[in-house]
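Just so it is clear, none of the values below were taken in a lab; they were calculated from the coordinates. From a predicted model like this one, the values you see are computed outputs, not experimental measurements. Cβ coordinates were reconstructed from backbone atoms using ideal geometry, including for glycine residues, and neighbour counts include every protein chain displayed.
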Amino acid sequence: MNSINQNPDRLEHALQDALRREDAPENFAANVLTRVAGKSAETEPQHSWLSIFSRPLLRWAAFAAVSTCLALGGIHYLHLQRERAQGEAAKQQLMLALRIAGTKLQLAKSKVNEINTSRPQSQPENRTPRSRS
Amino acid sequence: MAALPAADRAPAIAGTDFADIVRRYQSMVFSIARHFVGDPSSAEELAQDVFLQLHSALDDLESDEHIKFWLRKVTAHRCIDHRRRRRPPQVSIEDAPEPSAPGNAGDPLLARRLRQYVASLPEKPRLVMILRYQEDMFPEDIAEVLSMPLATVKSHLQRSLAMLREKVTRTMGEVTL
């Protein structure tokens, strides 16, 4: 009598018997197909939206639109930069003009003060003889 | 019904209905998962996931043999992922419950015990045993499917068989077939 312990083939046959394929559960294929259909329905809207760009004409149109937007944005940015530079230069000129005007005013003020301080010293000399008489 | 897109498809599977592919391989995929995972509902869910993945990957598969190879490979990897995610208490073959059956048990009991012992093997040797004895695959093919050196596959087979033989001898005595 052959035993599983003495004959390696017996063990292997027993393993083949133990591990033989089993039937999948009933409705297995139907369940898989239902899940596949559900998954396709989920991904379909995204696919249809993106499929717009699969047409060459629309792809080029989108590319042209994006390029135009980028070019217009660049021009607008350069324009703003130029305006800002002009504003800065005008500000510098104004500051210089104000500084010059301030200096001139300071000079005029000092002149006026000088004149004012020299005038009161001469007046008492003129009055003294008149009061004595 | 989800039919395969005919474009860019080899003649072997061009025009084949996806449902036909599912019906043709459902037993193979479900059984690998069932023998590995043990729990029938988890095995069914895992097998369904494999076919869902197949539906997305069909454009890259060129023939019926390619589909079969792909299914075995993906099922094996998903089995390992499934086991690692859930990580049940690992039962070594030495700790597997001892049967209370008499030594001259009949085939159904022996088959049940063998499935139990195979289920208690570590992940890789278990997959090797399932592919060898369920799918009747050669070690070279198993090595390719599992991306494993041939020597490792042979080593897993020899050691697992030796352990099973010892376990059967210890628990069931001289089993006659």
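Separation of the range B:51-79 and the range B:112-163, taken as the distance between their Cα centroids, equals 20 angstrom. Within the same chain, lysines fewer than 8 places from residue A:109 are excluded, and of the rest, none has a Cα less than 19 Å from its Cα. The slack between residue A:110 and residue A:94, meaning 0.36 nm per residue of separation minus the straight C-alpha distance, is 3.3 nm.
Neighbour counts of other Cβ atoms within 10 Å put B:72, A:55 in the fewest-to-most order A:55, B:72. Note on residue B:23/residue A:62: beta-carbon distance plugged into 1/(1 + (r/R0)^6) with R0 of 45 Å gives a FRET efficiency of 0.55. Extension gain, residue B:45 to residue B:60: 0.36 nm times the residue separation minus the Cα-Cα distance gives 3.0 nm. For the pair residue A:84 and residue A:42, a Förster radius of 51 Å applied to the C-beta separation gives a FRET efficiency near 0.50, rounded to the nearest 0.05. For the range B:37-46, 3J(HN,Hα) computed residue by residue from phi via the Karplus equation (6.51, -1.76, 1.60; θ = phi - 60°) reads 7, x, 6, x, 5, 5, 5, 5, 4, 4 Hz, glycine and proline entered as x. Counted over all Cα-Cα pairs of the range B:18-86, pairs farther apart than 16 Å make up 39 percent. Neighbour counts of other Cβ atoms within 10 Å put A:69, B:79 in the fewest-to-most order A:69, B:79.
Summing Lys, Arg as +1 and Asp, Glu as -1, what charge do residues with Cβ under 12 Å from the Cβ of residue B:154 carry, residue B:154 excluded? Here the charged neighbours net out to +1. What's the local net charge at residue B:40, with K and R +1, D and E -1, over the other residues with C-beta under 11 Å away? Net local charge, residue B:40 excluded: -3.
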